[in-house]
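Novice: Here it is: the structure, laid out below.
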Amino acid sequence: MNTTFSCVGCGKCCNDHHVSLTLPEARMWAADGGQVIVLVEAFLSNGLGLPAQQREHAERRSAVVRSADAEALVAITFAAYNVGACRNLDEDNRCRIYERRPLVCRIYPMEINPHIP
Ligand code: SF4
């Protein structure tokens, strides 16, 4: 896939987005005083309601959780809680932690799709 993207410095991608974090990044974010949330998604293991492509993706990034006879696929994502401007965005729409910004900020507009090996 070939993707072309040019940042125009508008700061929109740093506003009103929860920033997906790796575990070390979540620790760093919390140590800096930021709020980290845990996003939990669950899918029925029989794929009910999921298109085939989405099901494959859901399976790769989920752990199987059993409860009695039921079985679900559960995916966990750590994220920075950003309502409004990110706590690291300055008045000039520049990132105050640019050199150590999270991976998802480095690869934007691509996204992180964690999976369980
Ligand atoms: S960490 Fe920096 S690049 Fe990432 S959302 Fe916040 S201000 Fe933007």
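Only the coordinates and a few stated rules stand behind these numbers; no lab work does. These figures come from a predicted structure and were not determined experimentally. Ideal geometry is used to build each Cβ from the backbone, glycine not excepted, and the neighbour counts take in all protein chains shown.
Novice: Which ³J(HN,Hα) values in Hz, rounded to whole numbers, follow from the phi angles of region 13-18 under the Karplus curve 6.51 cos²θ - 1.76 cosθ + 1.60, where θ = phi - 60° and Gly and Pro get x?
Specialist: The phi angles translate into 6, 9, 10, 6, 10, 6 Hz.
Novice: Short version: ³J(HN,Hα) in whole Hz for each residue of region 91-104, in order, from phi by Karplus 6.51 cos²θ - 1.76 cosθ + 1.60 (θ = phi - 60°), x for Gly and Pro, what are they?
Specialist: Working through the residues one at a time gives 5, 9, 6, 10, 7, 6, 10, 3, 5, 10, 5, x, 3, 5 Hz.
Novice: Run the dipole for region 35-81 about the Cα centre, Lys and Arg Cβ at +1, Asp and Glu Cβ at -1, nothing else charged, and hand back the magnitude in debye, nearest 20.
Specialist: Dipole of region 35-81, to the nearest 20 debye: 100 debye.
Novice: Just to be sure I understand: with springs between alpha-carbon atoms less than 10 Å apart, which residue in Ile76, Ile37, Ile97 has the highest mean-square fluctuation in the Gaussian network model of the chain?
Specialist: Of Ile76, Ile37, Ile97, the Gaussian network model singles out Ile97 as fluctuating most.
Novice: Could you compute the net charge surrounding Trp29? Neighbours are other residues with a C-beta less than 14 Å from the C-beta of Trp29; K and R count +1, D and E count -1.
Specialist: Computed value for this residue: +3.
Novice: Quick one: length gained pulling Val83 to Leu23 fully straight, 0.36 nm per residue minus the C-alpha distance?
Specialist: Roughly 19.5 nm would be gained on extension.
Novice: Counting only helical runs of four or more DSSP H residues, what would the 222 nm mean residue ellipticity of the chain come to if each run contributes -39,500 (n - 2.57) and the total is spread over all its residues?
Specialist: The helix-only estimate for the chain comes to -5000 deg cm²/dmol at 222 nm.
Novice: Which order do Thr77, Thr4 fall in if you start with the one that has the fewest other Cβ atoms within 10 Å?
Specialist: So the ranking, lowest neighbour count to highest, is Thr4, Thr77.
Novice: Can you put Tyr81, Tyr98 in order, fewest other beta carbons within 10 Å first?
Specialist: Ascending number of Cβ neighbours within 10 Å: Tyr98, Tyr81.
Novice: Another question, if that's okay. Could you identify which residue out of Ala79, Ala30, Ala68 has the top mean-square fluctuation in a GNM of the chain using Cα springs shorter than 10 Å?
Specialist: Ala68
Novice: Separate question: Would you kindly state how much longer the chain becomes between Gln54 and Arg96 on full extension, computed as 0.36 nm times their sequence separation minus their alpha carbon distance, in nm to one decimal?
Specialist: 11.6 nm
Novice: Quick one: length gained pulling Val64 to Lys12 fully straight, 0.36 nm per residue minus the C-alpha distance?
Specialist: 15.1 nm
Novice: Another question, then. How big is D, in µm² s⁻¹, for region 35-81 by Stokes-Einstein at 10 °C and 1.306 mPa s if Rh is the Kirkwood radius over C-alpha pairs?
Specialist: Estimated diffusion coefficient is 139 µm²/s.
Novice: Answer rounded, prolate or oblate for the chain, using the Cα gyration tensor with square roots of eigenvalues a ≥ b ≥ c: rounded when a/c is under 1.5, else prolate when a/b is larger than b/c, else oblate.
Specialist: Because a/c hits 1.5 or more and a/b exceeds b/c, the chain counts as prolate.
Novice: When the C-alpha atoms of region 1-41 are aligned to their principal axes, what extent does each axis show, in angstrom, from largest down?
Specialist: Sorted largest first, the three principal extents are 33, 24, 19 Å.
Novice: Which cross-chain or sequence-distant (5 or more) residues have an amide H under 5 Å from the amide H of Thr22, H modelled 1.01 Å from N in plane?
Specialist: Result for Thr22 returns Leu103.
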